[in-house]
Structure formats: C-alpha cells, structure tokens
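Quick notes on the structure that follows.
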Amino acid sequence: MKQIEIRHLRKLDAEFSVPGDKSISHRGILLGGIATGTTRLRGFLPGEDCLSTLHAMQALGCRIDRVAPDEVLIEGRGGKLLAPAEPIDCGNSGTTIRLLSGIVAGYPFTTRLFGDDSLSRRPMARIADPLRKFGAELICEGAGDRPPLTIHGKQLKAIDFSSSVASAQVKSCFLLAALHASGKSSFTEPTLSRDHTERLLPAFGASFRTEKKSIILHGPQRLEATELDVPGDFSSAAFWMVLAAGLPGAKLTLRKVGLNPTRTALISALLRMGAGIMEKVEQPTPEPLGTITVTGGGRLKATQVSGKEIPNLIDEIPILAVAAALAEGTTEIKDAGELRHKESDRLAVITKNLRLFGVPVEEKPDGLLIEGGCRIVGAEVESHGDHRIAMSAAILGFFAKGRTLVKDTACIETSYPGFAKQVALIQELGR
Ligand code: S3P
C-alpha cells in the first residue's frame, strides 16, 4: 500500500508548475470526441480520472493518440459515436460519469456506466432528472439513485431546467445533452459554478447566450475540432499555496496556473486570512492562466467562508481546513453540505483527520468550525480513498511536530501524478 511520510518543514524557496487542469482535460477529450476533425490538447492531465474519460471516448469509437504523456490527439467522430461493446468503467471520476451521461443520452444506443466503490456512492438524481426530461431513458441501478447507470439514448427534445445545486457537473451534463436536443434549452443554477464548459464550447464553434443566471442554447449543434493549451490545475496549486502561506519566510512561485475566477475563491479566502499572495494573468482566453506568487509572513487569521463563495472553492475546502488549523482563531465554513457527496464525506473525514493532528474541530451538518493556532502533532492518518484528503494531510504534516504518515495514497494518482515526488523534493530542500 502506498504511503507518504512527512516531517516538519523549516524553509521553502521554490518555483515550479503543477500538472494540467483536471476539469479542462476531461472537457477537452469529451468535446474533441464529438467534434468533427482532430483536436490537439497540450498540457493534458495524465491522471487516472482523465484517463477514465479518455478510455470511455475510445470505447465510443474515438481514436485518441497520446503523442506525449501530456499531449493527446483526438479524432472526433463528428457527432457519430459508436455503441460501446461493453459497460464503461468511469473509475473514481464523478466528472466522467456525469458529463458522459449528457453525451450518450442523445445517441441511439444503450450505454452502461459504472465506477469504483466511492463513485458507486455518489448521487446521480441531479443528472438523471434533467436527462429524463430531455427524453432519455435512464436507470440508476444503485439504491438511492446511485450508479451503475444504464442509459437508453433517445432523440432529445429541448427543455428548461433549474438545478437546485450549483454544480458544474450538472450544468455541463445538461449543456452536452442540449447540443443534441432539438429546440431552445435553458439551464439555471442557484449560484455560478465553474464555467469551463461555457468557455470551451465557443472554442469548438458552439454558440449560446446567457441571460441573468440562465444559459440558453439552441440545438442541435455540431462542434469543430480545435487546439487547446490546458493550464496547470489551480486545485493542485492550492496545496502548495497553503504550505507557503503558512510558513514564515517561505517564497513560492507557481507558473502557468489556471486562474479562472470561478475556481480561485481560495485566493480571496487566504487574503482575508492575511496571506501574502499575488496572481498575474498572462493569457486571458479561452481559459485564464498566469503566475501565482506566495510569501509566508506572520501567523494567518481565522476567516468565514459561506454562500456564493463555496462553489468557487469547493475542491479546496480540505486544504482551506489546513490553513484554518494554522490560523489564530476559529474559522467557520458554512453552506458546504455538497462536501458530503464528494470522493468521500469530506466534512466527516476532514474532522477525523484534523483531530488526529490535535486540531479542535466541530462538525456541522453543512460545514465545520476549526479552532486554529493550537500545537499540531505528527499523526498517522488515512486518505479514506480521497486524493484531496490525502494531499491536505501531507501538507499539514509539514507543520506538525514529529513524523506524519499518510496511508493509502494511491488515490492521489486520480488528479496529481507526481505529488509524492514533489513532497520529497520540498522535504529535501527544506531540511
Ligand atoms: C468538477 C466540478 C465540481 C468539482 C469536481 C470537478 C467539474 O463538482 O468538485 O472535482 O469538472 O465539473 P460539482 O460540479 O458536482 O460540484
């Protein structure tokens, strides 16, 4: 079983970049696969989740060549996907199962989608409802509307749909189905979730308009292949940002990071906590990317995170909890019940792990109260099969007295291949 050992870090002075953005890599493969022509993705994330999407599109008849570890060429099927010969394994990836469902719902064949134990516990009613309204026949085989999913694709008809959750996976599933539905579809979400699909669709030649909180798309539409540079994943950069922000005297420069404003609310939260962070956008479209610099100063201060900010730092709450553990005062995270439906029940697991490090935490139904500034002691903690929980625990280990062991870290491969090596390098340089 893979594990990562960490010891207290004294200094950090580093400059590097992180692997490609997971959300954008998924979308590049999916949109490239249904477009006409050959799409080139540079900076593709070769993590297990994105490889699940890549293999899924191959199973639907797309030829995909990996010309380099982080570069792929996708020969789009021009809207003519083939029926898969077997059920498709989506692994650990919620983005794969939910976005792919939106695609296959509009094709005249049956697709069965399944995943690992964690994916089999994730709720699917949020996408099953709109897809059924579009006219697809969808069966959630797991109890409580959970995977496996069997989707009998149909000729879809446009619908208006208002989602009760601010979820980019639901929004993207909807938009992918709407591309195949005849007529005017509209989608509304309670607050703005990450907008990668909206930014990428025009790059593939699709058109839609936004009206207040709604997206209006007329279908059917065909996509044209394109070339895309995938920026570094802000969510992967986040681990190092918190490490540098909490370590007095630290200096860190992260290059070519995605700076899409629907993803970067962690920067605002850390700035409120007194962190020294600067972001500079160097390329604005289709996805903003640039440099982040962090300097570690005095002790961080507690903050409050809630409401509209939550969807824009949803994947960063495990590492924000680490910043909260270092900060003076009690940090309150509210309106984050969605965390119970991620790769693990993140509110429960963050609570469990922080307590093992000696950090007082109160778990609420939709959030956490974290009392920071206490002495952090090295601990042996489990990843609970969740990549972001494992990486957050490793970062907290750098601040702990003594030795920390994060167990069962194979899950990190889903989003950040090379994380353990980067930890070892930083450890070596920071002795
Ligand atoms: C993602 C959206 C988010 C996020 C996930 C990736 C995406 O999920 O947590 O890691 O690529 O669309 P929700 O949209 O369900 O909140």
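Out of all the residues in the range 64-71, is one or more free of Cβ contacts under 8 Å to residues at least 24 places away in the same chain, out of contact with any strand residue (DSSP E or B) (no Cβ under 7 Å at 6 or more places or on another chain) and closer than 24 Å to VAL257 by Cβ?
Within the range 64-71 (the criterion being free of Cβ contacts under 8 Å to residues at least 24 places away in the same chain, out of contact with any strand residue (DSSP E or B) (no Cβ under 7 Å at 6 or more places or on another chain) and closer than 24 Å to VAL257 by Cβ), the answer is yes, since at least one residue qualifies.
Looking at (1) away from the ligand (no atom under 15 Å from the Cβ); (2) out of contact with any strand residue (DSSP E or B) (no Cβ under 9 Å at 6 or more places or on another chain); (3) assigned to a helix (DSSP H, G or I), find the lone condition where LEU243 falls short.
Looking at each condition in turn, LEU243 falls short on (2).
Are there any pairs with C-beta distances below 7 angstrom linking a residue in the range 223-245 that is among the acidic types (Asp, Glu) to a residue that is open to solvent by 10 Å² or more (accessible area, probe 1.4 Å) and not in a strand (DSSP E or B), with the two at least 6 apart or on different chains, and if so which?
Correct list of pairs: GLU224/GLY37; GLU224/GLY205; ASP229/GLY43; ASP233/VAL18; ASP233/PRO19; ASP233/LYS22.
Looking only at the range 365-414, count every residue that is assigned to a loop (DSSP other than H, G, I, E, B) and either over 16 Å from SER118 (Cβ atoms) or basic (Lys, Arg) (or both) and tell me the total.
Qualifying residue count, the range 365-414: 10.
If SER185 meets every condition in (1) of a type in the set (Gly, Ala, Ser); (2) within 18 Å of ILE29 (Cα to Cα); (3) outside the structural domain of ARG112 (by TED's automatic domain parsing); (4) buried (at least 23 other Cβ atoms within 10 Å of the Cβ) apart from one, which number is that one?
Evaluating SER185 over (1) of a type in the set (Gly, Ala, Ser); (2) within 18 Å of ILE29 (Cα to Cα); (3) outside the structural domain of ARG112 (by TED's automatic domain parsing); (4) buried (at least 23 other Cβ atoms within 10 Å of the Cβ) leaves (2) as the failure.
Looking at the range 355-364, is at least one residue in the same structural domain as VAL423 (by TED's automatic domain parsing), within 19 Å of the chain's Cα centre (by Cα) and either surrounded by fewer than 17 Cβ atoms within 10 Å (Cβ to Cβ) or not in a loop (DSSP other than H, G, I, E, B) (or both)?
The answer is no, given that none of the residues of the range 355-364 is in the same structural domain as VAL423 (by TED's automatic domain parsing), within 19 Å of the chain's Cα centre (by Cα) and either surrounded by fewer than 17 Cβ atoms within 10 Å (Cβ to Cβ) or not in a loop (DSSP other than H, G, I, E, B) (or both).
Does GLU382 count as under 19 Å from ASP315 (Cβ atoms), under 23 Å from the mean Cα position of the chain (by Cα) and of a type in the set (D, E, K, R)?
For GLU382, the condition - under 19 Å from ASP315 (Cβ atoms), under 23 Å from the mean Cα position of the chain (by Cα) and of a type in the set (D, E, K, R) - is not met.
Can you give me the ranges of the strands (runs of 3 or more DSSP E) entirely in the range 247-321 with at least 1 residues that are assigned by TED's automatic domain parsing to the domain that holds ILE395, touching a residue at least 60 places away in the same chain (Cβ under 8 Å) and of a type in the set (Lys, Arg)?
The qualifying strands (runs of 3 or more DSSP E) are 251-258.
The values are calculated or read from the model by the stated rules, or taken from the named source; none is laboratory data. Every value quoted in this text rests on a predicted model; they were computed, and no experiment measured them. So basically every Cβ, Gly included, is an ideal-geometry build from the backbone, and we count neighbours across all protein chains shown. These area figures cover heavy atoms from the full protein model, side chains too; ligands, DNA and RNA do not enter into them. Shrake-Rupley method; radii C 1.70, N 1.55, O 1.52, S 1.80 Å.
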